[in-house]
Amino acid sequence: MSKFLNPAEIVAQTGLMQGQVVADLGCGNGFYVLPAAQMVGSSGIIYAVDIQTDKLAATVSIANQFGYKNVRVVQANLGKPLLEIPANSCDLVIVGNILHEIGQKEELIKNVYRILKSPGRVAAVEWKRTAAPFGPPVETRLDQEKLEVMLGLTGFRKIKDLMADGYHYSVLYEK
């Protein structure tokens, strides 16, 4: 049994630095928001983006609890153009376990490309397409090859695989 995904370990492998701007698309309850907020410090900005208001409220609550004043909440449908974040403004975009949930994967990846600086990086984390005792049904999971083809077709260049856990894969790409 492997240990479960550690968001701080994923974020630490991206090269994120103090003062940078990060967007966590499909942030949920802030799984990646907190370690990213800690790494960029008070001079950086984290955009926490989700469609669900209750998830955003939970993210704000936990960010406040830890004293992070650099988290900006954005409610948005990621299958549509994301205009709430300026183009070419982010150093890192995190797409953690949401691609398997969204029908408009190409639109989401275009959003990532639009908001990233050049060179900016995207860290994508997804469930491996193998049976596990939890997680989404295997048939809805996005296999790594398909994800890498989509990123490549959008104009991203692979930097490396990130270490994740036994249930997930993670890749780092650059614009």
Candidates Val33, Val93, Val71, filtered to the one that is farther than 23 Å from Gly155 by Cβ and within 11 Å of the chain's Cα centre (by Cα): Val33
Subset tally (residues that are of a type outside the set (Phe, Trp, Tyr) and over 14 Å from Gly96 (Cα atoms)) for segment 128-142: 9
Residue check for Gly28: surrounded by fewer than 19 Cβ atoms within 10 Å (Cβ to Cβ) and either basic (Lys, Arg) or at pLDDT below 95 (or both): yes
Failed condition for Glu126, given (1) surrounded by 20 or more Cβ atoms within 10 Å (Cβ to Cβ); (2) farther than 26 Å from Leu34 by Cα: (2)
Segment 151-175, subset in contact with an Asp or Glu (Cβ under 7 Å, 6 or more places away or on another chain) and either aromatic (Phe, Trp, Tyr) or assigned to a helix (DSSP H, G or I) (or both), residue surrounded by the fewest Cβ atoms within 10 Å (Cβ to Cβ): Tyr169
Pick from segment 124-146, criterion of a type in the set (S, T, N, Q) and assigned to a helix (DSSP H, G or I), ranking: farthest from the chain's Cα centre (by Cα): Thr140
In segment 64-123, the residues that are among the acidic types (Asp, Glu), surrounded by 15 or more Cβ atoms within 10 Å (Cβ to Cβ) and outside any helix (DSSP H, G or I): Asp91
Among (1) touching a residue at least 12 places away in the same chain (Cβ under 8 Å); (2) out of contact with any helix residue (DSSP H, G or I) (no Cβ under 8 Å at 6 or more places or on another chain); (3) farther than 19 Å from Gly135 by Cβ, the one test that Val21 misses: (2)
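The values are calculated or read from the model by the stated rules, or taken from the named source; none is laboratory data. On a predicted model such as this, the values are computed, not experimentally measured, just so you know. Every residue, glycine as well, gets a Cβ built from its backbone with ideal geometry; the counts of neighbours run over all protein chains shown.
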